[in-house]
Amino acid sequence: MKFLRDRKEIAREINIKMTPVVRIDISKSAFGFDDCYKGDRIQIETPRYDYPVRCFVNMYGDEKGNEDHDHPWRYEKISLNPETICLTAGFGYSDVADMAEWSRTPIVKAGGKVVVMFDDPVNKNCYLRVMKVSDRIDAFCMKAGMLEDID
């Protein structure tokens, strides 16, 4: 696991190299389950599809490798879950707001680097970890891909 600790190292990775940052709020669990956390949106370009795959970053405490529940920033498996899509009869404000939200998400290539910010706003603390998007992305599976550690 590669954590960014030094001020210069953090500035170099985020400001100079322009590595996209994905935030996961670890101060509260998501989905009503302990040790599960929901993160930001991310779009992944892949040569397999003509469009970026839209995903949500999620961590589940019951996955193998995520047993350290006291330190969720050390979870080994971080899932990229694709956006669910459904057809509706109408088009309104919520559709436009959702499109605007997706337009602000970082776009990363499959195999590209990201900085994952494990944010704990309650304790005013965060952990920054450099990871990479898996090389294989499947848009039509429950888990489109994973975030993997860079050694």
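Taken together, the values in this text are just the output of simple stated rules run on the coordinates, not laboratory data. Bear in mind that the values here come from a model prediction, so they are computed numbers and not experimental data. Cβ: placed from backbone, ideal geometry, glycine included. Neighbour counts: every protein chain shown.
Which entries in 77/132; 8/38; 17/109; 8/109; 8/132 show an alpha-carbon gap greater than 23 Å? Provide the component values of the computation, followed by the final result.
Working: 77/132 12 Å; 8/38 29 Å; 17/109 15 Å; 8/109 25 Å; 8/132 21 Å.
Long pairs (Cα-Cα over 23 Å): 8/38; 8/109.
Would you please report the Å³ per residue occupied by the convex hull of the alpha carbon atoms in the chain? Before the final figure, lay out the partial values.
Working: hull volume 21.2 nm³, N = 151.
Hull volume normalised by residue count: 141 Å³.
Can you give the % of DSSP beta bridges in the chain that are antiparallel, to the nearest 5?
Values: 29 of 37 bridges.
Here the antiparallel bridges make up roughly 80 percent for the chain.
How do the peptides 28-34, 69-75 rank, highest first, by the average count of neighbouring beta carbon atoms within 10 Å per residue? Write out the running numbers ahead of the final one.
Numbers: 28-34: 11.0, 69-75: 15.9.
Output ranking for 28-34, 69-75: 69-75, 28-34.
Quick check on packing: order 97-110, 118-131 by the mean number of other C-beta atoms within 10 Å, highest mean leading. Working shown, then result.
On the way: 97-110: 12.7, 118-131: 15.5.
Final packing ranking: 118-131, 97-110.
How far is helix 93-103 tilted off the main Cα axis of the chain, in degrees rounded to 10, range 0 to 90?
The angle comes out at about 50 degrees.
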